[in-house]
Amino acid sequence: MFHLLHPFYLLGLFLTSVPLILHLLGRRRIKERPFSSLFLLKEIKKSSSIWMRIKDLILLLLRIFFILFIVIGFSHPLVLSPVPFLGKEAPKDVAILIDVSMSMGAEGVFEKAKQEVKEVFGRLGSGNSILLIAFSDRIEEEREIIDEAELNSFLDHLKVTFRSTDMLPPLDVAKKELLKREGFSKEIFIVSDFQKSALKNIQSIYSNLRKKKINVYASCIEGSRKNIFFTGFQIEPPFPLPGLRLKIFPELISNEKGSIPVELFMGGVMKGIKKTEERKDVFFEIEPGKAGYKSGFFRTKGDSLTLDNNYYFSFYVPENLNILLVGKGTEYFYLANALSPGIKTPIKLTTIEPVKLSRINPSQYNLLILYNIKFDGYVKARTMDFLRNGGGVLFVMGNEFLSEVNKNILEEIHIVKKNDSKKGFFSIKTVDTGFKPLSDFKDKGLKNLYDTKFFQYFTIKSNMKAVIQGRNGDPMMLAGNINGGEFVLFPFAFNPEWTQLPLKAIFVPLVYRLTFYLAARQEKLPENQVGEPIKISVSKKVKQPLFILPDGKKKSPTFSTTGDDYILKDTELPGIYKFIPQLGETISIAVNVKEEESRLDVATFEELEFLFPDINKSEKREGFATSGKRWIDLFPFFIILSLLFLTAELVLENK
Amino acid sequence: MRGIDKSYIRYLDPKVISKIKGLDLIARMVVEGFLVGLHRSPYHGFSVEFAEHREYRPGDELRYVDWKVFGKTDRYYVKVFEEETNLKAYLIIDKSGSMGFRSNGISKLEYVKYLASALSFLLLRQKDAVGLLLFSKGLDSYTAPSSRKNHLNILLKELDQLKPGGETSLANVLFELAEKIKRRGLIILFSDLFDDYESVIKALKIFRHKKNEVLVFHTLDSAEILFPFSRDMLFRDMETNEKITVDPKGIRKEYREKINNLINSYKRDFWNASIDYQFLRTDTPYDKALLSYLAKRKKMR
């Protein structure tokens with residue numbers, strides 16, 4: 001292969017015409033000189049004239065080639081030339097990537113990984129400069145290793161992080177570094193447990209590596225996959241209030257069967273310990289105490305990966321629940337009655353006529369309930385604003401909603417997929433679901449209404465359109481989203497029996513529960529994960545904002561003017577981060593490890609082979625290149641050649 | 001000779017003498033310079049007419065010792081004579097085009113002109129008869145030999161008008177001259193000898209055959225020997241106007257060999273034919289030529 005480093009120098013090839021032009025001009029301009037007698041010259045000329053012409057021609061060629069070689073030399077021609085190594089392995093460029101993401105912290109896995117790195121290093125032989133990259137979802141450390149001592153020192157201080165896995169950054173760095181180097185073969189060794197979640201984004205870079213003739217070898221580090229980890233938590237009621245006992249439900253997964261111990265810690269004290277099995281609800285009952293941020297963590301044990309055994313949570317307990325009820329006349333009497341179950345319950349219910357909604361900004365309320373009123377004009381505008389800002393709205397629909405005016409609007413809001421109902425689209429006017437849910441509850445009696453079974457039956461599914469379904473699959477209650485806000489359509493007038501619903505005892509707990517569910521929309525804290533920044537939105541800039549990290553260190557956040565957010569960039573540890581906007585005020589933010597990292601859902605080598613053709617096991621690296629090709633710059637060769645031609649020209653010229 | 005200024009020696013240099021005007025002055029200067037240089041040489045005063053005594057020096061022939069003076073003074077004195085002869089010398093000058101060649105300084109013909117003038121002066125001073133023959137393709141002019149006092153003016157006038165031109169036909173001219181010169185004498189040839197080699201030798205041998213003494217001044221320019229030209233050149237023959245393109249550097253070595261061979265051949269063959277040969281370059285001081293004349297003259301005595 002041939003390649004020019006500076007091809008524009010070839011423009012100088014025009015200079016080769018200079019000697020030719022001078023030669024032609026020189027022939028015409030031979031000086032005439034009188035000489036005494038030509039008889040001697042004539043004798044010699046007979047033998048020398050042919051030589052003279054040949055000499056002229058040779059001189060011309062020497063001059064042309066002199067310039068030609070100079071020009072080619074300066075354009076730096078590169079040739080791919082084979083270089084033999086006489087039985088020794090040709091120098092190669094190698095990068096070893098070692099995974100230090102949290103999943104590598106499973107029992108014995110990281111030690112195995114370190115040992116594998118040492119073995120790979122040993123198999124490569126001496127004399128190679130090897131790039132070692134420790135990675136999680138980013139490059140944790142990168143170092144050039146030459147000998148075993150350096151390798152051991154590097155591995156000794158290497159630790160598993162709480163971060164997740166992303167192979168794209170280390171592969172990208174390794175590719176760029178290897179391509180810069182001049183070895184005869186390029187190889188990347190990946191030492192990892194190869195979690196499936198980390199393999200999604202690397203197919204394109206892998207094919208790019210193969211195109212660049214970089215071989216990729218995999219060392220799949222296996223270990224125990226027994227892991228118990230938390231995926232979240234729920235509180236019941238979802239809108240906590242001072243004085244209301246709270247149930248905290250940890251959501252957990254175990255990939256091994258058996259009893260799982262769960263402990264709850266709040267305020268540095270263990271609040272309880274329970275044993276459960278996977279997919280079985282377990283909860284702790286607590287007194288939330290005064291209004292404010294509450295935080296703590298669940299802990300489990302007995303699995304192989306301990307780094308995710310703590311699950312941190314925090315939630316906010318407001319002083320009370322503010323509800324704005326918009327209705328006409330006395331129709332909402334039952335509803336208002338349902339929302340005021342007792343004097344101690346800190347629910348503030350404000351009831352207004354629809355006309356007054358034009359004068360009230362509902363943003364100060366936790367929940368907006370529209371009771372059987374026309375959904376148009378300013379009612380619609382206010383409600384949509386409220387939804388867009390993340391508020392919860394309960395539409396309690398009676399006869400008023402059946403008017404022709406509202407029909408289209410409602411259809412617009414509550415989109416129910418056909419598949420959600422056996423009878424197709426939910427028709428507001430004529431649907432008769434044949435649903436008899438009330439009879440079921442009647443049989444169970446009122447005392448069971450607060451029972452957990454009741455709520456299991458009426459599971460409010462936040463990500464589903466049909467909130468309540470009958471046993472035959474008919475949707476009874478629908479939920480939808482508009483921006484951050486959630487609404488629930490409660491069309492009690494669809495069914496003659498439902499029309500009487502407010503009169504029935506079941507209506508009270510149902511509305512009560514819906515109220516708390518929808519009100520919680522605004523109050524829920526964002527879930528934060530290790531490696532991701534924490535954003536705290538503030539209404540105005542504070543003087544000396546400060547974060548206290550889980551390890552007690554303090555750090556000042558940066559302020560983003562675009563969203564009026566305080567941002568803490570580095571979240572290396574899981575735990576409770578405390579933001580202190582001003583003295584005496586603390587916002588608790590729980591940060592947990594990424595769930596995907598806890599799943600220990602690893603790919604086998606066969607799966608890797610399927611995803612990445614040509615990938616090889618590290619130990620299958622056989623043989624070695626005893627010769628290779630290298631780009632050689634022919635600049636010196638051409639310059640020497642041109643000098644030789646110049647010397648020859650000078651010698652011949654003076655002969 | 002005592003009164004002669006020693007600075008005359010510089011007039012033996014062709015470059016210096018070429019700056020002087022008037023051939024008679026040139027002739028005089030060259031000869032005076034030559035004689036000053038010759039003052040202590042063995043060539044001095046081989047005249048037959050007694051001129052003075054001088055102290056004996058080793059090398060002087062015993063026959064010139066004045067025994068009478070020895071008897072009176074007990075010292076050896078030798079007699080110094082002024083030469084008196086009836087020698088006829090013919091100065092034959094090649095005035096062909098090629099003699100006009102000059103590379104630097106004076107041309108071959110100018111060199112020869114000054115040398116001939118000096119020789120004429122010297123010969124006439126020694127009471128010899130001097131004749132002058134100029135030739136190129138044929139005999140261009142002939143001045144009969146004479147030893148009269150005003151003959152020098154005639155010769156110098158003739159030499160003064162000398163201009164190069166015409167082709168050389170040396171052999172033919174020499175054959176013609178050989179017929180013309182009846183009485184034996186001294187033939188002095190000034191030429192670059194650029195002619196057919198065999199013919200030249202053959203013609204000069206005829207002079208020898210007729211008992212003439214022959215002295216050849218083979219005169220060449222330094223450029224004709226060294227061929228110092230560098231770039232390609234179109235050489236034009238000064239006699240025939242023929243042209244030829246030559247790469248001087250390419251043929252220099254061969255040219256030099258050839259010209260040296262030619263000179264050596266002339267030297268050898270002239271020697272074999274008992275012809276005195278003196279090779280002169282136009283930058284050779286004149287005393288060298290004059291010395292060879294004196295050596296020749298001595299042989300003839």
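Can you give me the ranges of the helices (runs of 4 or more DSSP H) entirely in segment B:135-249 with at least 1 residues that are away from chain A (no Cβ under 13 Å), touching a residue at least 60 places away in the same chain (Cβ under 8 Å) and surrounded by fewer than 22 Cβ atoms within 10 Å (Cβ to Cβ)? Even if it seems obvious, please write down each step before you answer.
Values: elements: B:151-160, B:170-180, B:197-209, B:222-226.
Correct list: B:151-160, B:170-180, B:197-209.
Which numbered condition trips up A:Leu573, out of (1) closer than 29 Å to A:Ala291 by Cα; (2) crowded, with 18+ Cβ neighbours inside 10 Å; (3) within 18 Å of the chain's Cα centre (by Cα)?
(2)
What's the number of the condition A:Leu158 fails, among (1) over 18 Å from A:Leu131 (Cα atoms); (2) among the hydrophobic types (A, V, I, L, M, F, W, C); (3) in contact (Cβ under 8 Å) with a residue 60 or more places away in the chain?
(1)
Considering every residue within segment A:135-145, establish whether at least one is more than 19 Å from A:Ala198 (Cβ to Cβ) and crowded, with 20+ Cβ neighbours inside 10 Å.
Of the residues in segment A:135-145, the ones more than 19 Å from A:Ala198 (Cβ to Cβ) are A:143-145.
Among the residues that remain, those that are also crowded, with 20+ Cβ neighbours inside 10 Å are: A:145.
Yes; the residues of segment A:135-145 include at least one that is more than 19 Å from A:Ala198 (Cβ to Cβ) and crowded, with 20+ Cβ neighbours inside 10 Å.
Restrict the check to segment A:308-324 and report whether at least one residue is part of a loop (DSSP other than H, G, I, E, B), at pLDDT 90 or above and not small (Gly, Ala, Ser).
Going residue by residue through segment A:308-324, those that are part of a loop (DSSP other than H, G, I, E, B) are A:308-309, A:318-320.
Add one more test, that the residue is at pLDDT 90 or above, and what stays is A:308-309.
So of that shortlist, the ones also not small (Gly, Ala, Ser) come out as A:308-309.
Looking for residues that are part of a loop (DSSP other than H, G, I, E, B), at pLDDT 90 or above and not small (Gly, Ala, Ser), one finds at least one in segment A:308-324, hence yes.
Just give me the residues in segment B:197-228 being farther than 20 Å from B:Ala171 by Cβ and modelled with pLDDT under 85, in sequence order.
If the condition is that a residue be farther than 20 Å from B:Ala171 by Cβ and modelled with pLDDT under 85, then B:Lys211 is the only one that fits.
Which residues, counting only those in segment B:274-299, are buried (at least 17 other Cβ atoms within 10 Å of the Cβ) and over 13 Å from the mean Cα position of the chain (by Cα)?
Listed by number, the list holds a single entry, B:Ile275.
Here are some residues: A:Phe645, A:Phe579, A:Phe612, A:Phe638. Which one is at pLDDT 85 or above and assigned by TED's automatic domain parsing to the domain that holds A:Thr161? Give the steps one after another, and end with the answer.
Values: A:Phe645 fails: assigned by TED's automatic domain parsing to the domain that holds A:Thr161; A:Phe579 fails: assigned by TED's automatic domain parsing to the domain that holds A:Thr161; A:Phe638 fails: assigned by TED's automatic domain parsing to the domain that holds A:Thr161.
None of the other options fit; the residue is A:Phe612.
For B:Arg256, work out the one condition from (1) at pLDDT 90 or above; (2) more than 11 Å from chain A (Cβ to nearest Cβ) it doesn't fulfil.
Only one criterion is unmet by B:Arg256, namely (2).
Applying the selection to segment A:544-574, what residues are free of Cβ contacts under 8 Å to residues at least 40 places away in the same chain, under 19 Å from A:Val530 (Cα atoms) and of a type in the set (D, E, K, R)?
A:Asp551, A:Lys553, A:Lys554, A:Lys555, A:Asp565, A:Lys569, A:Asp570
Restricting to segment A:23-59, what's the tally of residues that are at pLDDT 75 or above, among the aliphatic types (A, V, I, L, M) and loosely packed, with under 13 Cβ neighbours inside 10 Å?
Summing the residues that are at pLDDT 75 or above, among the aliphatic types (A, V, I, L, M) and loosely packed, with under 13 Cβ neighbours inside 10 Å in segment A:23-59 gives 4.
If we keep just the residues of segment A:545-575 that are among the small types (Gly, Ala, Ser) and at pLDDT 85 or above, which is nearest to A:Tyr312 (Cα to Cα)? Step through it out loud before you land on a result.
Going residue by residue through segment A:545-575, those that are among the small types (Gly, Ala, Ser) are A:552, A:556, A:560, A:563, A:575.
Retained after the next criterion (residues that are at pLDDT 85 or above): A:552, A:556, A:575.
Values: A:Gly552: 16, A:Ser556: 22, A:Gly575: 6 Å.
Only one residue fits best here, namely A:Gly575.
Which of the residues belonging to segment A:196-232 are in a strand (DSSP E or B) and in contact with an Asp or Glu (Cβ under 6 Å, 6 or more places away or on another chain)?
Applying the first criterion (in a strand (DSSP E or B)) to segment A:196-232 yields A:214-220, A:228-232.
If the condition is that a residue be in a strand (DSSP E or B) and in contact with an Asp or Glu (Cβ under 6 Å, 6 or more places away or on another chain), then A:Asn215, A:Ser219, A:Ile228, A:Phe229, A:Thr231, A:Gly232 are the ones that fit.
Can you name the residue in segment B:96-105 that is assigned to a loop (DSSP other than H, G, I, E, B) and under 12 Å from B:Thr219 (Cα atoms) and, of all such residues, is nearest to the other protein chains (Cβ to nearest Cβ)?
To start, the set of residues in segment B:96-105 that are assigned to a loop (DSSP other than H, G, I, E, B) comprises B:96, B:101-105.
Subset that is under 12 Å from B:Thr219 (Cα atoms): B:101-102.
Working: B:Phe101: 4, B:Arg102: 9 Å.
The extreme case among them is B:Phe101.
The values are calculated or read from the model by the stated rules, or taken from the named source; none is laboratory data. Worth saying up front: this structure is predicted, and the values here are computed from it rather than measured. All Cβ positions, glycine included, derive from the backbone under ideal geometry; neighbour counts span all protein chains shown.
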